[in-house]
1. Express in Å², to the nearest 10, the accessible area of Ile512 obtained by rolling a 1.4 Å probe over the protein heavy atoms while all chains stay in place.
2. Relative to a virtual label point 7 Å from the Cα of Lys219 in the Cα→beta-carbon direction, which members of segment 188-207 show backbone nitrogen distances below 16 Å?
3. Under the Karplus relation 6.51 cos²θ - 1.76 cosθ + 1.60, θ = phi - 60°, what is the ordered set of whole-Hz ³J(HN,Hα) values for segment 226-243, x standing for Gly and Pro?
4. In the chain, what percent of the accessible surface is made up of carbon and sulfur (1.4 Å probe, ligands and nucleic acids excluded)?
5. What residues have an amide H closer than 5 Å to that of Asn391, excluding those fewer than 5 places away on the same chain, when H is modeled at 1.01 Å from N in the peptide plane?
6. Say R0 is 56 Å: what FRET efficiency, to the nearest 0.05, do Asn342 and Arg90 get from their beta-carbon distance?
7. Mind running the shape call on segment 486-580? Use the C-alpha gyration tensor, a ≥ b ≥ c as the square roots of the eigenvalues: rounded below 1.5 for a/c, prolate if a/b tops b/c, oblate otherwise.
8. With every protein chain present, what is the per residue accessible area of the chain (1.4 Å probe, Å²)?
Amino acid sequence: MPLSLGLPSCIQVFQTKLRVHSHNRSLIYANLQSPQLGRRSANFRPTIWHDYFIHSIKNGDELDQIGNAQRVCKLKNEASQMIYKEEPLRDKLELIDALQQLGVAYHFEEEINDVLTDIHVCQDLSAIMNSDLYLVSLFFRLLRTNGFSVPEDIFKNYFDDKGHCKSKLSLDIHGMLSLYEASYLAKEGEEILEMARRFTTKHLINYLESSNFNDSRMKEHVANALELPLNWRMERLHTRWFIDQYKTADPTRSALWELAVVDFNIIQDLYKKELKQASRWWTELRFYEKLPFIRDRLVENYLICVGTAFQPKHASYRIAETKANCLVTTIDDFYDVYGSLNELELFTDAIEQWDITLTEALPEYMQMCCLALFDTVESDAHDVLEKKGLNVTPILRRAWKDLCKAYLVEARWYHNGYVPTLEEYLDNGWVTIGANVFLSDAYCINDDVTATNLEQFSTGYPDIVRYSCTLARLYNDLATSSDELKRGDTKKSIQCYMHHENVTESVARGEIMDMIRKYWKLLNGAVLGNSAFHKYFKNACLNISRIAQCIYQHGDGYGKPDSETKDQVTLLLLDPIKSI
């Protein structure tokens, strides 16, 4: 079926059947605690963000919003002039780096691309290689981050004949920190960058522990980087931290700081409106009342979408993906916690066939979810059809079918007492994290999608998607596997490795961390080496991995969202930055 045709008659028939079925069926909360089924319970914590609180969140005053928009326009003009005005290479690169870390580079995509293209084409690499370590590393990181090819050999002058970093480098803390950040842009097989990572990590730790250095600002930057390198950080959360740092860092560029503050608050105001819109949808479903065994995580799901695509123009994606995230969580809890194997077989068949009539055989708690899922997917696909004239239905449906089939594999493993090998587990587990749904949506629900793009995505998932999803799975397992085992869930990557390799949990966790570094290198290579995908989609793949790391860095920030995740929601969605 051509992907650029109008809405197929089969979809129109499906939507008619869905409306009739929804009208005729009363979705009444049944007796879910049927004792003969011996259902499990995870005792998930209730939400800390109730709908009445969400709708009480105040948006900015309309006059203030108009004034802020005018200020942004003025400040953007000033910043745009700076981009073309700066002459020394160091100043140009530092300006672009500041714009990106301040979260306002999206206003200047063309200008930044022009400048970096000129630098990439015209700059003599041999001259760069003879510059100081800080500048070479900044040059390398910014060009790679923005999609330009730069060889790791640019750093070879900093290594001796035996391939070891020259010891005198350890005295250059600015250079060491810059090289450390650059090393996390490594692709698979780049040994110079791997040596640089190990060398800089060791000496930056020594720097923090030394009493000979009294620069508190630099120590804070080093500690922040060692906790998590820039390439692994959730963009929006890092922007919030960097704005505070930049206020006193460069007084000559105060206009950039002011632009970042005003722009952050404007976007946050948009987030509040979007969150209220998503909350109305979730409240109307009332899953949290009718399905009390599921995780009610609307706000956390919206936060994930902000982490995936924060720019204002991606509002449609954030709303659609928040709904999808809520449904993924609901269905995940069916398979992991509540459903019997027989029910899960029937549910999977209904999704795989995408047939509304098959829901008649399902228990009511599954029926209401199927109806919501079918309606949401068809509605998203129809919106794309109306805006772009493209039929994305097959791709959106495929993601959900693949997810439920993968969930069923894990459910069968659990019920049969089977422990898969790590390879078997990950071959299925990269799907069960649910990010295949998120990235399918990101690919289809954006302004840049074309018929050619869809053809490239319609035959299967590209490697860039698999690498991103695998990272999300591994981050999740490091944080949640112990709790999931306690409630009777299937074994995760750590336990699979422990079982088949006969090693301790500590050794298994070390292996998973090594795999995380490996998959980041694979993902970096896929992002840099694949010109078939738009920059927005590549960033979404990177950001899925980053937001997973962010949510699970300090434990299960999704299942237990009342600590770090609560603070992140407050910083990014609720509290504006004071401009004084």
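The values are calculated or read from the model by the stated rules, or taken from the named source; none is laboratory data. Given the structure is predicted, the values throughout are model-derived calculations rather than measurements. Every residue, glycine as well, gets a Cβ built from its backbone with ideal geometry; the counts of neighbours run over all protein chains shown. Surface accessibility is based on the protein's heavy atoms, side chains included, excluding ligands, DNA and RNA. Shrake-Rupley method; radii C 1.70, N 1.55, O 1.52, S 1.80 Å.
1. 0
2. 204-207
3. 5, 4, 6, x, 4, 5, 9, 8, 4, 4, 5, 5, 5, 4, 4, 5, 5, 4
4. Working: 12360 of 24820 Å².
Carbon and sulfur atoms account for 50 percent of the accessible area of the chain.
5. Counting only residues 5 or more places away or on other chains, the set is Ser4, Leu5.
6. 0.25
7. On the way: a/c = 2.69, a/b = 1.22, b/c = 2.20.
Here segment 486-580 falls in the oblate category.
8. Numbers: 24820 Å² over 580 residues.
For the chain, the per-residue accessible area is 43 Å².
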